[in-house]
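Novice: Before I ask anything, here is the structure I am working with.
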Amino acid sequence: SDEGIVLEFSQPVDRFEAVRVPTICRLQGGVYGGSTDLALTADFRVGVTGMEMFMPAGRLGVHYYPGGLRRYVSRLGLNTAKRLFLTAEKLGAEELLRIGYLTHLVPPGELDAAVARLADTLASMAPLAVQGMKRALNEIGHGALDVAACEERGRICKESADIQEGLAAFREKRAPVFRGA
C-alpha cells in the first residue's frame, strides 16, 4: 500500500518515482529535456557509451517544475543541478556516470544483457525489505524521511517469513526463495 506518502506528487514522473518496486531505465542515444528527469525517477539508469544528455530549459526560457528541480538536486547534488539547468551543457556518457546520472555504463551491444542481469539481481532480493528501503531512501533523498513509518517497515520485515528464509539460505549456503511475506 502507498499509505502515508509524505512527498507531494504533482507530475506523472513524480508518481513513477514512487512505484514500490525498483525500476530500471535503459538509455541509449540522446536524452534531452523532460526525458532526463523521467530517467532520474528510475532507481537505476543503465546507459551506453556514446550517449549524451542535456537539459535545455534555460536555453528555451522554461522554468522547470519543482518536483524535477528537487529530484535533480537530490540525485545529483546542487552544483551539478545548477550546471545542467543553468548552462544547458551537453554531457557525454562517461561524465554522466561520473556525476551519478548513470548507475551503470556499458557498450551498446551489452545493454540488454546488463539490464537483464540487474533485473535478475533485483528480483532475487527480499521484496518487503527492498520496497521499504527504496521508499526510505527516496524520502531521505527528498529530505522527508518518515522515521516512524521506516521503523514500522523494519519491524514488519523482522517478523516476516522472508527474513527466516534469508537467514536459513545464508546458513545453508543456497539462494533464498522469497515470497514477499
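The values are calculated or read from the model by the stated rules, or taken from the named source; none is laboratory data. Note that the structure is predicted; figures quoted are calculated from it, not measured. So basically every Cβ, Gly included, is an ideal-geometry build from the backbone, and we count neighbours across all protein chains shown. Surface accessibility is based on the protein's heavy atoms, side chains included, excluding ligands, DNA and RNA. Shrake-Rupley method; radii C 1.70, N 1.55, O 1.52, S 1.80 Å.
Novice: Under unit Cβ charges (Lys, Arg +1; Asp, Glu -1), what dipole magnitude, rounded to 20 debye, does the stretch 84-140 have relative to its Cα centre?
Specialist: The calculation lands at about 200 debye.
Novice: Can you tell which of Leu78, Met133, Gly100 lies farthest toward the positive end of the dipole of the stretch 74-181, using +1 and -1 charges on the Cβ of basic and acidic side chains (Lys, Arg; Asp, Glu)?
Specialist: Final value for the positive-end residue is Leu78.
Novice: For the stretch 67-147, rounded, prolate or oblate, judged on the Cα gyration tensor with a ≥ b ≥ c (square roots of eigenvalues), a/c < 1.5 rounded, else prolate if a/b > b/c?
Specialist: Here the stretch 67-147 falls in the oblate category.
Novice: Pick from Val130, Val13, Val62: which is most flexible by mean-square fluctuation in a GNM of the chain where alpha carbon atoms under 10 Å apart are linked?
Specialist: It is Val62.
Novice: Once both axes come from the Cα atoms, what is the angle between helix 127-141 and the longest principal axis of the chain, in degrees from 0 to 90, rounded to 10?
Specialist: Tilt of helix 127-141: around 40 degrees.
Novice: Below 8 Å, C-alpha to C-alpha, sequence gap of six or more: please give me the relative contact order for the chain in percent.
Specialist: 22
Novice: Same structure, new question: At a 1.4 Å probe radius, carbon and sulfur cover how many percent of the accessible area of the stretch 108-181?
Specialist: Ligands and nucleic acids excluded, carbon and sulfur give 64 percent.
Novice: Taking all protein chains as present, what is the carbon and sulfur share of the accessible area of the stretch 41-93, in % to the nearest whole number, probe 1.4 Å?
Specialist: 58
Novice: Using a 10 angstrom cutoff on alpha carbons, build the Gaussian network for the chain and name the most mobile of Leu122, Leu78, Leu167.
Specialist: Leu167
Novice: In nm, to one decimal, how far is the Phe170 label point from the Leu145 one, both placed 7 Å along Cα→Cβ?
Specialist: Reported label-point gap for Phe170 and Leu145 is 2.1 nm.
Novice: Still on this structure, I have one more. Just tell me which aspartates and glutamates come within less than 14 Å, Cα to Cα, of Lys173; anything on the same chain fewer than 8 places away is out.
Specialist: Glu165
Novice: A further question follows. Could you state the accessible area per residue of the chain in Å², with a 1.4 Å probe and every protein chain left in place?
Specialist: It amounts to 56 Å² per residue over the chain.
Novice: I've got another one for you. Expressed as an acute angle from 0 to 90° and rounded to the nearest 10, what is the orientation of the C-alpha long axis of helix 66-76 relative to the principal long axis of the chain?
Specialist: Between the helix axis and the principal axis of the chain, the angle is about 70 degrees.
Novice: Same structure again: How much mean residue ellipticity at 222 nm does the chain get from its helices, if each DSSP H run of length 4 or more adds -39500 (n - 2.57) and you divide by all residues, to the nearest 500 deg cm²/dmol?
Specialist: -15500 deg cm²/dmol
Novice: Can you tell me how the chain classifies by the Cα gyration tensor, rounded, prolate or oblate, using a/c under 1.5 as the rounded cut?
Specialist: oblate
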